[in-house]
Amino acid sequence: SQQGEEDPQALSIQEGENATMNCSYKTSINNLQWYRQNSGRGLVHLILIRSNEREKHSGRLRVTLDTSKKSSSLLITASRAADTASYFCATRGNQFYFGTGTSLTVIP
Amino acid sequence: DGGITQSPKYLFRKEGQNVTLSCEQNLNHDAMYWYRQDPGQGLRLIYYSQIVNDFQKGDIAEGYSVSREKKESFPLTVTSAQKNPTAFYLCASSPGEGNYGYTFGSGTRLTVV
């Protein structure tokens, strides 16, 4: 069974705006990871946040983790057309599960 | 440069045939994984291997087989027993379990004709 679920399924924004994607999961985790996938390509690891961390930054990316709500969010600030891709969360507990992804379109 | 190489990028198979997808990594990673991706369903784990000469079934192993004779290589065979093999197949590796991200190959798109 899938562990993580992203919300929304699809998101369309103007270049320069911020994009926020959410991930909910069901059981306890050791870490949560976010990946990006361009159409027809492999996934690229963006950021990992451990279960004892609440927030992490990497460039224009900001990830938060709320273990009490079993949820995480990925914020991309000042979006660019090149950010257009699908974004997946993945949770590491006893096993490693990927969510179904959020499709982000950034309009130039 | 270190990375994972999947080949071929596109593969066409006739019904009833077995096909083997290649996955090679030069990252010195212990663990390797095969995922299947269908539209709207995210990634589903087929098989994984944490060490040479050992591998475990994932959530959808039926109709697939793997081997791990070398640390660098983890080929996936899609057998004729797989009822719906048309999909995008992704290979990944990581240093091991724990707080590590996965490195993915660029994928193989398999189409049954």
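Kindly indicate whether B:N28 is away from chain A (no Cβ under 13 Å), open to solvent by 30 Å² or more (accessible area, probe 1.4 Å), part of a loop (DSSP other than H, G, I, E, B) and at pLDDT 95 or above. Show your work before the answer.
On the way: away from chain A (no Cβ under 13 Å): yes; open to solvent by 30 Å² or more (accessible area, probe 1.4 Å): yes; part of a loop (DSSP other than H, G, I, E, B): yes; at pLDDT 95 or above: yes.
Yes, satisfied.
Which ones in region A:31-75 are closer than 15 Å to A:T102 by Cβ, within 14 Å of chain B (Cβ to nearest Cβ), polar (S, T, N, Q) and open to solvent by less than 50 Å² (accessible area, probe 1.4 Å)?
Of everything in region A:31-75, those that are closer than 15 Å to A:T102 by Cβ, within 14 Å of chain B (Cβ to nearest Cβ), polar (S, T, N, Q) and open to solvent by less than 50 Å² (accessible area, probe 1.4 Å) turn out to be A:Q33, A:Q37.
Here are B:V66, B:V78: which of them is farther than 27 Å from A:I29 by Cβ, among the hydrophobic types (A, V, I, L, M, F, W, C), modelled with pLDDT of 95 or more and surrounded by 15 or more Cβ atoms within 10 Å (Cβ to Cβ)?
On the way: B:V66 fails: farther than 27 Å from A:I29 by Cβ.
The match here is B:V78.
If you take the residues in region B:84-100 that are open to solvent by 40 Å² or more (accessible area, probe 1.4 Å) and polar (S, T, N, Q), which one is farthest from the other protein chains (Cβ to nearest Cβ)?
Going through the qualifying residues, I end up with B:N84.
Counting just the residues of region A:76-91 that are assigned to a strand (DSSP E or B) and touching a Gly at 6+ places or on another chain (Cβ under 8 Å), which one comes out surrounded by the most Cβ atoms within 10 Å (Cβ to Cβ)?
First, the residues of region A:76-91 that are assigned to a strand (DSSP E or B): A:76, A:85-91.
Within this subset, residues satisfying the condition of being touching a Gly at 6+ places or on another chain (Cβ under 8 Å) are A:86-91.
Values: A:S86: 20, A:Y87: 23, A:F88: 25, A:C89: 30, A:A90: 25, A:T91: 26.
Restricting to residues being assigned to a strand (DSSP E or B) and touching a Gly at 6+ places or on another chain (Cβ under 8 Å), the top hit is A:C89.
Would you mind finding the one in B:Y10, B:Y33 that is at pLDDT 95 or above, within 18 Å of B:G101 (Cα to Cα) and hydroxyl-bearing (S, T, Y)?
Only one candidate passes the filter, namely B:Y33.
Restricted to region B:101-113, and to residues that are more than 8 Å from chain A (Cβ to nearest Cβ) and more than 20 Å from A:S39 (Cα to Cα), which residue is modelled with the lowest pLDDT?
By that ranking, first place goes to B:V113.
Given (1) without any contact (Cβ under 8 Å) to a residue 12 or more places away in the chain; (2) away from chain A (no Cβ under 14 Å), where does B:G42 come up short, assuming only one miss?
(2)
Sort out for me the strands (runs of 3 or more DSSP E) sitting completely within region B:35-105 that have 1 or more residues that are among the small types (G, A, S).
Where strands (runs of 3 or more DSSP E) fall fully within region B:35-105 and carry at least 1 residues being among the small types (G, A, S), they are B:43-51, B:64-66, B:87-94.
Just to be sure I understand, how many residues within region A:36-75 are part of a loop (DSSP other than H, G, I, E, B) and in contact with a Gly (Cβ under 6 Å, 6 or more places away or on another chain)?
Number satisfying all stated conditions: 1.
The values are calculated or read from the model by the stated rules, or taken from the named source; none is laboratory data. Predicted model, so just to flag it, every value in this text is computed and none were measured. Virtual Cβ from ideal backbone geometry, glycine too; neighbours counted across all protein chains shown. With ligands, DNA and RNA removed, areas are computed over all heavy atoms of the protein, side chains included. Shrake-Rupley method; radii C 1.70, N 1.55, O 1.52, S 1.80 Å.
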